[in-house]
Structures are given as C-alpha cells and as structure tokens.
Amino acid sequence: GIPDEGLKHELIMTITSLVVILPLSLQRDMASLAMTSLLSVTADVILVFFIAAFSPVKETVSEAGGFGTVFREDWINGTLFIGLGILSTAMACQHSAFIVSGSLFHRTQNRWACVTCSSISISTLLCAVLGICGYLGYLEETEGDILNNFDKDSAHANGARALLAITMFFTYPMEAFVARHVMMKLMFDGDMDDDKASGRFSGFFGYFRKKRVKWTFALYMMTLIPALIVDDLGPVLSITGALGGSCVSYIAPGLIYLGINGTEFLEWVSTLLKNHQNKDANGTKSSDPEIELPVVGDATATMPEATDSSVHDLTGSKPWWWYVCGFPIWVGVASTGEATMRERLEQYDNDFQGIPSPTEQNSNMEGTIEEEEDKDVFTPVSRDYIISMFFIFFGAIAAVAGLASNVYVQVNDIFFTPTRL
C-alpha cells in the first residue's frame, strides 16, 4: 500500500545517503571530490541529452498550433520569477568560489578565469537545452521534475532517474563543504580539526570527536530529516530559490565587490562628483586645492601636508542621478567595506608580524609561475562598479517579485483548487 511504499522510499534515502553522501561530505578538502564531480557532470550531460532526445517536442508543438503560437502565448507568465529563482539557485556558484579557487594548483587569475568561463558557459548551454526541450515537450503539463512526465515503466526514463540520483549524490557533498566552512569560520575562526579534543581519544572515537566530523554530521541530519518528512519540495525549492538564489547569485556578490574595493569605489564616486561640479562651474577652476611651494631663500618655509587619500570628498551639490541610482546606499556599503578591510589588514599585520604573507610564500614558486602571478594585478574599472550595482538592484527586485509570485501561486492552489466529490 501507500504507507509501505513511502516507508520504502524513506529507507532507501536514509541508507544511500549514509553510505554515499555522508562519507563524501566528511572529506576535509574539496579537491578530494574531483572524481565524483567529474561523474556528476558526466551524468548531467547524459541526462540533458536524454531530455532533448526523448521529449515529444515535435508532436506537442504541432498540436499547440506551431512554434509561433507557443512562443506568442507562453513567452512570459506569472511564474517567471519563480523559475528565475530556481534557475539562479541552480547556477549559483559564488558561495563556493573561494573554496574551489583554493583547490586549484598554482592559482592564477588566468587559470581561475578559464575555470569560471568554461564551467558557466557549459552550464548555461545545458540549462537552456534542458529547459527549452523539457517545456516544449509538455508545455503547461510540465512538472517541476521533468522526469515525472515520462512513463514510470520506461527503461530509458528509469535510466535517466538513476543519472539524476548520481548527480544528487555527488552534488550534496560540495554544498555541505560550503555550509561547514561557513559554520567553522563564524564559530571557530576556521579551525575545523580540534586536535586537542580528538587527542584524548584514539582511533574511531578520536575521529568522531573532531569538530569537522561533528558539524558535518549535524548538517547532514538537518537536511535528511526535512527530506524524510516533506513529500513535495516544489514550494520549498521555489521560495528558497527566490530568496536564497537572489541573495547568493546577485545581492551578495555585488555587496562584497563594493565592500572589498571600497576605497577605489569612493575615489571613483568622488571623481564623478568633481566632474559634475566643475561642469556646473563651466570648468573655470579645479576643485583640487593648489599646493604652494616654498619660496627660494626662505629657510623657515615648509611644504604643506598632502591631503589624506583615505578621506574622500563627497560634499557639494549632487546631480539627479546621485539619488535615482541609489548612490547614497552604494557609498554607505563602500565606506563600511573600506573601514572593515582596513581593520582586518591591521589585525593581520599585528597577529602575523614576522610571518610571511600568502603572497610572500608564493614567491618561492617556479619562475614561470612567478611571472604569471605578477600579471594578476586587478584594477577595478567603472564597468565593474556598474555591474555590481545592477546585480544588487536586480537581485532585490527578483527576491521580492519571486516571493510575491510564490505567495500568489500557493494561495491560488489552496483556495481555487476544485474539491473532489
């Protein structure tokens, strides 16, 4: 019966996660998951080709009146931001960027650019093929899990479900790495091994006394229990996708970029304001104060002190775009980031005085690597600031619209679903 079937699924989920997912999640470094990540990507590619090959696109589009009719009627609908949130979550990789970058051998900007460009491009292509072919195959009847639209007794559909399971098995550990890293950083300043606590016990018990193991198991249980209780994860994924996806994919990267490059951003804004003020004054006088040099023969004369470069002149009249584009918010974010970065750097100098910095430690690498690393000098430009501000603005709109769309859809499902007689 149904209870036995549900119990069977829960038992399978528990056993497989204990045997496959948990041991992979207990690894210390993400580089240990290189082979499983390769298997996961391979399964994803095969799965996408399966959807593209076996979806009844031609028959469904013909019955709907042709591709032009389908595009005209379905090119946009009220669930746009729900799908955008889920897709943003699926494409989000910013939260694991630092960990993945740290796992690279001979880290350079060129290598990192190669990894990010190739991975994001391939992921975008696969998502586009999967989404277009999956939707055109079933249109309004398309389910959240496209494989549920296929026959349950189909051999190739069951093979695709097995590929999806493989992908899920090998994707969860990478997300668990990020969650565990964040918890360790926030609560224990990044110390995940706790050798003193584990040293009191040897062997099996000593291993499970480590903070890394305990927190990994805690995170595993916090994800397993809801998965066993909740049957329909569609609403959960759509709501968390709208909020979490928007924050991780758009808002957080933009805020972090403006914060880390706060000094450069404030200098850029100060230059924009000076240009505006000089333009209003017809460019007759520069806003920079002139420095008078000492007079020849006057031994008592001194050179005036230069203005502190860390103090940015943002006073004076503001143009219309200052408020329309939200510059008071961006300046506040950059100012906070500038102060925080200065404090962190000073703390680093005090705590690690005499210890070579990571940059100095890398100086012992081979000459060719040194030359390549010397080229990794990144200077922000106006385009980068504009993209960051746009990401924050777009992410806020996507989060609000996605949450509102989810509430609307859920309310309609609750109050307007026909009752059975």
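The values are calculated or read from the model by the stated rules, or taken from the named source; none is laboratory data. Every value quoted in this text rests on a predicted model; they were computed, and no experiment measured them. Because the Cβ atoms are built from the backbone with ideal geometry, glycine has one as well, and the counts that use them run over all protein chains shown. To get the accessible areas, we keep the full protein, side chains included, count just its heavy atoms, and leave off ligands, DNA and RNA. Shrake-Rupley method; radii C 1.70, N 1.55, O 1.52, S 1.80 Å.
Scanning region 136-150 for residues that are open to solvent by 60 Å² or more (accessible area, probe 1.4 Å), modelled with pLDDT of 85 or more and aliphatic (A, V, I, L, M) turns up nothing. All of (1) exposed (fewer than 14 other Cβ atoms within 10 Å of the Cβ); (2) at pLDDT 55 or above hold for THR359 with one exception: (2). Exactly one residue among THR60, THR69 is among the hydroxyl-bearing types (Ser, Thr, Tyr), open to solvent by less than 70 Å² (accessible area, probe 1.4 Å), in contact (Cβ under 8 Å) with a residue 40 or more places away in the chain and within 18 Å of THR142 (Cβ to Cβ), and that residue is THR60. Residues in region 154-189 that are open to solvent by 60 Å² or more (accessible area, probe 1.4 Å), of a type in the set (D, E, K, R) and under 19 Å from LEU224 (Cβ atoms): GLU175 only. For region 226-246, the count of residues that are part of a helix (DSSP H, G or I), among the aliphatic types (A, V, I, L, M), closer than 30 Å to LEU7 by Cα and open to solvent by less than 60 Å² (accessible area, probe 1.4 Å) is at least one. Pairing residues of region 105-127 that are touching a residue at least 40 places away in the same chain (Cβ under 8 Å) with residues that are charged (D, E, K, R) and part of a helix (DSSP H, G or I), at Cβ distances under 7 Å and at least 6 apart in sequence or on separate chains, gives THR108/GLU372; THR108/GLU373; ASN110/GLU372; LEU126/ASP44. Out of the residues in region 38-57 that are touching a Gly at 6+ places or on another chain (Cβ under 9 Å) and of a type in the set (Phe, Trp, Tyr), state the one that is least open to solvent (accessible area, probe 1.4 Å). Checking each candidate, the answer is PHE50.
A search for C-beta distances below 6 Å between a residue of region 312-327 that is under 15 Å from LYS274 (Cα atoms) and part of a loop (DSSP other than H, G, I, E, B) and any residue that is open to solvent by 40 Å² or more (accessible area, probe 1.4 Å) and not acidic (Asp, Glu), counting only pairs 6+ apart in sequence or on different chains, returns GLY316/GLN277; PRO319/HIS276. Which members of region 72-91 meet the condition of being part of a helix (DSSP H, G or I), surrounded by 14 or more Cβ atoms within 10 Å (Cβ to Cβ) and either over 18 Å from the mean Cα position of the chain (by Cα) or on the phi > 0 side of the Ramachandran plot (or both)? Listed by number, the list holds a single entry, LEU80. Could you check, for region 71-83, whether at least one of its residues is under 26 Å from THR16 (Cβ atoms) and either out of contact with any Cys (no Cβ under 9 Å at 6 or more places or on another chain) or not polar (S, T, N, Q) (or both)? No: region 71-83 contains no residue that is under 26 Å from THR16 (Cβ atoms) and either out of contact with any Cys (no Cβ under 9 Å at 6 or more places or on another chain) or not polar (S, T, N, Q) (or both). Residue check: is PHE205 modelled with pLDDT under 75, aromatic (Phe, Trp, Tyr), out of contact with any Ser or Thr (no Cβ under 8 Å at 6 or more places or on another chain) and not in a helix (DSSP H, G or I)? Answer is no for this residue.
Within region 150-176, residues that are over 10 Å from LEU47 (Cβ atoms) and among the polar types (S, T, N, Q) sit with their Cβ atoms under 9 Å from residues that are open to solvent by 60 Å² or more (accessible area, probe 1.4 Å) and not in a helix (DSSP H, G or I), at 6+ positions apart or across chains, in these pairs: ASN158/LYS152. Among all residues of region 92-99, there is at least one that is open to solvent by less than 40 Å² (accessible area, probe 1.4 Å), among the hydrophobic types (A, V, I, L, M, F, W, C) and not in a helix (DSSP H, G or I).
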